[in-house]
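The structure under discussion appears below in the form of structure tokens.
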Amino acid sequence: MELFDVYPLYPIEPVKALGSKLWDKEGNEYLDLYGGHAVISVGHSHPTYVKRIADQLQRIGFYSNAVENSLQKELAHQLGEVSGYIDYNLFLCSTGAEANENALKLASFHTGKKKIIAVENAFHGRTSGAVAVTHNPKIIAPFNSSHEVQFIPMNDLMELTLAFDDEVAAFIIEGIQGVAGLYTPSPEFLQLAQSLCKGHGAVFIMDEVQSGAGRTGKFFAHQHTSVKPDIITLAKGMGNGFPVASVLISPEIESWHGMLGTTFGGNHLACAAALAVLEIIDEEDLMSNAKVMGDYASKRLQSFSEVIQVRGQGLMIGAEFEFPVADLRKKLLFEHKIFTGSAANKNTLRLLPSLTVTKEELDQFFDALKVELNK
Ligand SMILES: Cc1ncc(COP(=O)(O)O)c(C=O)c1O
């Protein structure tokens, strides 16, 4: 059997990793400033993380959601504490798309409605509802296209107001648009969305799949504003590579047995991974490091005349250049051994390093960038 060929691959195979470093089969060392799409939050193979998962596996790795699992309760408690959403309820699943799919389903169950308002250039995942609220016709199959979705431009208060009526089940938005190229919703836009949701009996869903887990310097990106969404989704950095995702649900939304479900969600290993991540974020004060290193990286990027704009927050950074960055990214990878990310905006280079990244590691990137831009 061959692999179904959907991913264009770099001819590099990492076989070992630690912190922000990767090594390939030939022993070449790479600096990872992308974390495999924002997944690596506490650093590759962090010893606390490895030990917690290994210890858990020695005891029990998995049983289904038909039995009690106190690790889930511990995780709900810790996640409530670190995020400040103490009174919210937690549904555990395995991927970002699954978290958003369940968030949309919950909103529809709760309101009895099905129209969704989403934002242009949004990316919410590839399952049926999640891809329907994703603004990319290329990845929406006919099967996914019958959902009732209206897209409005980011930060357009008038279009947002006009889109709302009493038929709306939910408004969904990313904390910061990542795949699009690092576009942040304005506090006014979020405030208006929140009040329109309240006024029209709709659910406010905040997708923090990429921007959550401390990446922006606060646990969730929307916590740089004063809004309080009804549902928040989280994945990627939550498990530092172990597939684990969350739906945080306002106490106003009631549950009933059978309403949602999953075989793998919240299994023992997933909980151990997520608990280790929260413990490391706390012990190493990684949200502060995300802010300090993020500010440093943004400032240094702004000093390059080829950079038109630096967007994002903390360690979720997009630098828009005067030109498409594909060649620059290839040179950084193959000549300087540094992983960076792309975006739908072809001129934008994305940096999504581990929250443990150091000034020295960032300087290594800036030295390489200087060399390439001066060629
Ligand atoms: C904001 C956002 N939501 C959802 C997803 C989908 O997550 P997953 O690939 O884990 O399904 C992504 C993935 O990039 C994302 O960036």
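Laboratory data are not the source of any read-out in this text; all were calculated from the coordinates shown. Everything quoted here is computed from the prediction, not taken from an experiment. Don't worry about glycine lacking a Cβ; one is built from the backbone with ideal geometry, like all the others, and counts go over all protein chains shown.
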Exercise for review: Quick one: compute the contact order of segment 47-283, relative version, from alpha carbon pairs under 8 angstrom and 6+ residues apart, as a percent.
Suggested key: 28 percent
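Suppose a student asked you for the relative contact order of segment 1-95, using Cα pairs under 8 Å spaced at least 6 residues apart; what percent would you report?
Numbers: 53 pairs, mean separation 13.4, N = 95.
14 percent.
So if each residue of separation counts as 0.36 nm, and I subtract the Cα-Cα distance between Gln309 and Leu373, what length gain in nm does that give?
Numbers: separation 64, 0.36 × 64 = 23.04 nm, distance 1.61 nm.
Extra length available between Gln309 and Leu373 comes to 21.4 nm.
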Check your understanding: What is the sum of charges around His37, taking Lys and Arg as +1, Asp and Glu as -1, for the other residues whose C-beta is under 15 Å from the C-beta of His37?
Key -> +1
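With both partners inside the chain, how many of the DSSP beta bridges are antiparallel, as a percent to the nearest 5?
Restricted to the chain, the bridges split so that about 65 percent are antiparallel.
Below 11 angstrom from the Cβ of Val168, what's the summed charge of the other residues (Lys, Arg +1; Asp, Glu -1)?
So the environment of Val168 carries a net charge of -1.
Are there trypsin sites (Lys or Arg not before Pro) in segment 263-370 that DSSP marks as loop and that have at most 14 other Cβ atoms within 10 Å, and which are they?
Details: sites: Lys291, Lys299, Arg300, Arg311, Arg329, Lys330, Lys331, Lys337, Lys346, Arg350, Lys359, Lys370; in loops: Lys337, Lys346.
Qualifying residues, ordered by number: Lys346.
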Revision key, fill the gap. The residues Tyr183, Tyr10, sorted from fewest to most surrounding Cβ atoms within 10 Å, come out as Tyr10, Tyr183
Practice item. Mind checking which of Ser250, Ala202, Gly61 is farthest towards the positive end of segment 47-283's charge dipole, using Cβ charges of +1 (Lys, Arg) and -1 (Asp, Glu) about the Cα centre? Key: Gly61
Practice item. Would you mind ranking Tyr88, Tyr30 so that the residue whose beta carbon has the fewest other beta carbons within 10 Å leads the list? Key: Tyr30, Tyr88
**Study point:** aspartates and glutamates whose Cα lies under 14 Å from that of Lys114, excluding same-chain neighbours fewer than 8 positions away
**Key:** Glu101, Glu148, Asp165, Asp166, Glu167
Study note, to complete from the structure: Normalised per residue, the volume inside the convex hull of the alpha-carbon atoms of segment 281-375 in Å³ amounts to 88 Å³
**Study point:** Anisotropy class of segment 208-337 from Cα gyration tensor, a/c 1.5 cut
**Key:** prolate
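Using 0.36 nm per residue, how much length does the chain from Ser226 to Lys198 gain when fully extended, once their Cα-Cα distance is taken away? If you can, show how the numbers build up before the last one.
Details: separation 28, 0.36 × 28 = 10.08 nm, distance 1.52 nm.
My answer for the length gained is 8.6 nm.
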Review point. Hey, any idea what Rg/Rh is for segment 47-283, computing Rh the Kirkwood way over Cα pairs?
Key: 0.97
Review point. Applying 1/(1 + (r/R0)^6) with R0 = 25 Å to the Cβ-Cβ distance of Thr358 and Lys299, what FRET efficiency is obtained, to the nearest 0.05?
Key: 0.95
Review point. Of Met316, Leu301, Pro229, which is farthest on the positive side of the dipole of the chain, counting Cα position, with +1 on Lys and Arg Cβ, -1 on Asp and Glu Cβ, and the Cα centre as origin?
Key: Leu301
Practice item. Sticking with the crude label model, points 7 Å out along Cα→Cβ, report the distance from Ser186 to Ser70 in nm, one decimal please. Key: 5.1 nm
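Within a 10 angstrom radius of the beta carbon, how do Asp230, Asp24 rank from fewest other beta carbons to most? All intermediate terms of the calculation are to be shown ahead of the outcome.
Numbers: Asp230 25, Asp24 15.
Going from least to most buried by this count: Asp24, Asp230.
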Revision key, fill the gap. Relative contact order in percent for segment 233-324 (Cα pairs under 8 Å, 6+ apart) equals 19 percent
Revision key, fill the gap. For the chain, the helices passing both cut-offs (Cα extent along own axis of 15 Å or more, Kyte-Doolittle mean at least 1.0, full DSSP H runs) are 268-283
